[in-house]
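Remarks on the structure that follows.
The values are calculated or read from the model by the stated rules, or taken from the named source; none is laboratory data. Remember, predicted model here, so these are calculated numbers, not experimental data. Cβ sites come from the backbone with ideal geometry, for glycine too, and all protein chains shown count toward neighbours.
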Protein chains: 2
Amino acid sequence: MSQGQTAPVLINGAWRPSSGRKQFCSSNPATLQPLQPAYPVSNWSDCDQALDAAADAAEKLRTVSRDRLGEFLEMLAGLIESHSRELVQLAHLETALPIAPRLADVELPRTTGQLRQAAAAARSGSWALPTIDSKANIRSCYMGFGPVAVFGPNNFPFAFGSVSGNDFAAAIATGNPVIGKANTSHPGTTRKLADLAFQAIERCGLPAATVQLLYRLEHEDGLRMVSDSRLAAAAYTGSRSAGLKLKSAADAAGKPIYLELSSVNPVVVLPGALEERCDAVADEFFSSVLMGTGQFCTNPGLVIALAGQSTQRFIQAVTDKFKQAASGTLLSTGVQSSLTAAIDTLNRAGAEILCGGQSVQGRCSVGNTLMRVTGQRFLDQPEAFQTEAFGNAALVVVADGVPQAELVLKALEGNLTGCIYSALSGADDEAYCCLAPALTQRVGRLLNDKMPTGVAVSSAMQHGGPYPATGHPGFTAVGIPASLLRFSKLTCFDNVRPDRLPDLLQDKNPTGKTWRLIDLNWTTADL
Amino acid sequence: MSQGQTAPVLINGAWRPSSGRKQFCSSNPATLQPLQPAYPVSNWSDCDQALDAAADAAEKLRTVSRDRLGEFLEMLAGLIESHSRELVQLAHLETALPIAPRLADVELPRTTGQLRQAAAAARSGSWALPTIDSKANIRSCYMGFGPVAVFGPNNFPFAFGSVSGNDFAAAIATGNPVIGKANTSHPGTTRKLADLAFQAIERCGLPAATVQLLYRLEHEDGLRMVSDSRLAAAAYTGSRSAGLKLKSAADAAGKPIYLELSSVNPVVVLPGALEERCDAVADEFFSSVLMGTGQFCTNPGLVIALAGQSTQRFIQAVTDKFKQAASGTLLSTGVQSSLTAAIDTLNRAGAEILCGGQSVQGRCSVGNTLMRVTGQRFLDQPEAFQTEAFGNAALVVVADGVPQAELVLKALEGNLTGCIYSALSGADDEAYCCLAPALTQRVGRLLNDKMPTGVAVSSAMQHGGPYPATGHPGFTAVGIPASLLRFSKLTCFDNVRPDRLPDLLQDKNPTGKTWRLIDLNWTTADL
């Protein structure tokens, strides 16, 4: 294939051929056929040029008003909407995610809504927690700090995409340029999104390198990128093994890196809840596990239940539903082989396969899989039984009582979410009180009577959690304003002359509506 | 020396002999004589027991009210005041810092004030940024997350002390137990402070292991401690080399570690300011560099000035003052040898020594040292010229103009502070506009016309900055409420039943005064 047929990269405001000589093709998971065109594997020269351009753009962005950042994000949201048909088709082709409702009616509106929330946050500036100590004349706020590299995941081509999703929106809203690294399973969708972003850049007059796009890097160049002195921070959503390598490189260079890694999202199902509403809980669980063929970071992969008849009924009901439902198409053959490998690991450790467990012949699919293990066995090898089976699979741990269930919870690693289903009658309240503290400590988000797969773009969301679910338990990847704090430095102005202060810290409230902490009271008033 | 004469460690509510067999003595820097008693070097068994006890205390602390945490911090402040004579004497003996005004009139009141601010923050809960999305019924706040190891520095025996200072106050106010690691230069002061803290624990009925104290660890045990699964986080203030080793161990285990490392705190002195007020600026600089014999994290160790007569006059004025002033006693012979080694490094790189540069015969002291180098030479070896000379020494970089000064600033590593002195007439405004952006990017706190050595315990303080001044530019070590966020995890409650929510997130405002972000508006009202 000649150079001309390989897709261009976006560096410093120009779509141009990559300097890299290698290329790759994505494939349609539904047909297992490769897709055209080919995309380049960038070499260090691409990265180096993108970093130079991003560093320059970061300096220029410091003089760009918050309103203009907001305008850009809103314009991009509008462009995504006006190209929604094409985007949805492209994403469907590359990921096999259903067009409706998933891509067209859920993920795309979520993405544009998120961009508009980020725009509103950029305009108001309240996210920056402007803080004034009037007596000491010391003032501080969070401020953007430089180029951010965003490594997007395979499972949300729009909403977590490297040039359209949560990390992107947060980095831009705080005034930082983004170097997007497309997920290699949907390069065409990402290219189209970058094209729209670049159109919005030109219309809004932002620096040309505010958004750049590469598709794939050599592993060593990825490590070099996240530790480069020109980069301020990186954000990565994906597999634990690759994420921890990037973390190690970034840590050694003192660079913040925000990770969203694996999570099994434990769900505790107490007997009283099953006595009351076994079918409803089984139904919610079934829908949550199989939604998007289970390819969510918050997919409930681990159920903890107490031995007894109600739990048996629950397991039977879920098994029946799993068997009856057709198994969905997975995002890639890579996801398929990881999933069967994880099921094998769990099975070899001693989990019984109640249904599924095998690849579906001739398709990029694995049968809907439910497994079971006793609490005792889990406690013998807690690490093995926390192997993430990313996809349409779950493991039920049957504990012999509340104390053993508590031990199981205490053996858990950090997770994004944890749920407890309990009786509405109060019959499970004692068990809840015993189990909730251990679970709460180990998760970012605790739910009651609700499955974790809906991650609302809410001001109160925590889509994060203790290591190894993420790299730091104080940050969230979703939710505005909080997710914006990741891409900023806290900057203090001590005795700085009034006309030299950022507008957020001047005596006059810059918008009349910005929330500021003045002398320990939150207010929108002028000083 | 028999076991009985070695000071005990405080583990799990008991002052008892260390299991370690080695011991050390601190010494009086003023006389260079060793002090009694000896203190133990703990082995892993001590650490292991402290970690077990701390993990247990962390669970118990989760049920302790915020008011009780406040009461404890206030009681400790009161006990420190009622034992101030003894504390000040002890600290003076171990550090040679002057009794008055430094220890008695500045650092001790700062410490008790900081504890009381932390108490107020604990009681109000506003630090936790309680956030409610009423429509989605999603609620979140920051919450304490477990045991914190605090490694205190040599230069502030009270205010940054491992069982009395900023990190300690922040960790306790957020509901976490502390394992203090005393600085080995003042173990007696820290022992006394731990004794007072333990009295306060008993009176307030807090878990016995809320505060524990070790004095010295084998290096490998320090690394093991900060990466131990029972620990939630660590805080370290001290030398860069030791800090980065701890960071590396903590990072690999996914544990947050908050570092305050070296900083040269650049001060830009523009010619117009010197035309207007050369003597005053020289005087402020002189006082700031020599205060506490220069042993502050925010000591202004690097001046950037523009070539010309006013800068020559400034350098001459400072040199005269440095020569006339007696050189202070340093904190330890270790500090003394590090300081002379740093001066040698700067000198070998090409800095001219204008005064000082040598140890004072028979004393733990180094002559007040001023050095000079050209901007060009600095740019040839920017790393060497940023060697921190911790103590009463500073380097003046004379740039040949504003563009070269900007290059010097752009060659700087991350620092805690940066200052610009400029003419009140406006004569330096153009230079300010050119230099301030580059400096602001590289520091946590930007000052105008003011030296950086006063670090107010202010709600708007940022005592932190980009790497390698600290490990993350978004956190501050001083200032309440912001410094408390370091020792917490963001925890979200999604659809959690009302009576199971933390009081901060219930519909009713728990104090009537807690600031909460409800539907994107800050309020103290009930929901």
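Considering region A:433-487, and only residues there that are more than 8 Å from chain B (Cβ to nearest Cβ) and more than 16 Å from the chain's Cα centre (by Cα), the residue that is surrounded by the fewest Cβ atoms within 10 Å (Cβ to Cβ) turns out to be A:Cys433. Taking the criterion of being aliphatic (A, V, I, L, M) and within 11 Å of chain B (Cβ to nearest Cβ), the residues of region A:256-268 that qualify are A:Ile257, A:Leu259, A:Leu261. A single member of A:Pro468, A:Pro510 is part of a loop (DSSP other than H, G, I, E, B), within 28 Å of A:Gln386 (Cα to Cα) and not assigned by TED's automatic domain parsing to the domain that holds A:Gly125, and it is A:Pro468. Just give me the residues in region B:105-119 being out of contact with any Leu (no Cβ under 9 Å at 6 or more places or on another chain) and among the small types (Gly, Ala, Ser), in sequence order. Selection gives B:Gly113 alone. In the set B:Asp494, B:Asp519, B:Asp428, only one residue is touching a helix residue (DSSP H, G or I) at 6+ places or on another chain (Cβ under 7 Å) and among the acidic types (Asp, Glu); that residue is B:Asp428.
Here region A:206-244 is the region considered, the condition is being polar (S, T, N, Q) and surrounded by fewer than 24 Cβ atoms within 10 Å (Cβ to Cβ), and the residue that is nearest to A:Leu35 (Cα to Cα) is A:Ser239.
Kindly indicate which of A:Thr417, A:Thr524 is surrounded by fewer than 24 Cβ atoms within 10 Å (Cβ to Cβ), touching a strand residue (DSSP E or B) at 6+ places or on another chain (Cβ under 9 Å), more than 7 Å from chain B (Cβ to nearest Cβ) and farther than 24 Å from B:Ala456 by Cβ.
Details: A:Thr417 fails: surrounded by fewer than 24 Cβ atoms within 10 Å (Cβ to Cβ).
Sole residue among the options that is surrounded by fewer than 24 Cβ atoms within 10 Å (Cβ to Cβ), touching a strand residue (DSSP E or B) at 6+ places or on another chain (Cβ under 9 Å), more than 7 Å from chain B (Cβ to nearest Cβ) and farther than 24 Å from B:Ala456 by Cβ: A:Thr524.
Restricting region A:499-516 to residues that are at the interface with chain B (Cβ under 10 Å from one of its Cβ atoms) and free of Cβ contacts under 8 Å to residues at least 60 places away in the same chain leaves a set whose member that is farthest from the chain's Cα centre (by Cα) is A:Asp499. Annotation: of all residues in region A:1-31 being farther than 29 Å from A:Thr210 by Cβ and over 26 Å from the mean Cα position of the chain (by Cα), the one that is modelled with the lowest pLDDT is A:Met1.
Scanning region A:149-205 for residues that are surrounded by fewer than 24 Cβ atoms within 10 Å (Cβ to Cβ) and among the hydroxyl-bearing types (Ser, Thr, Tyr) returns A:Thr184, A:Ser185. Condition first: within 14 Å of chain B (Cβ to nearest Cβ), in contact (Cβ under 8 Å) with a residue 12 or more places away in the chain, in a loop (DSSP other than H, G, I, E, B) and under 25 Å from B:Ala250 (Cβ atoms). Now tell me which residues in region A:196-255 satisfy that. A:Ser227, A:Asp228, A:Ser229, A:Leu231, A:Ala232, A:Ala253, A:Lys255, listed by residue number. Of the candidates A:Leu447, A:Leu490, the single residue that is assigned to a strand (DSSP E or B), over 23 Å from A:Leu231 (Cα atoms) and modelled with pLDDT of 95 or more is A:Leu447.
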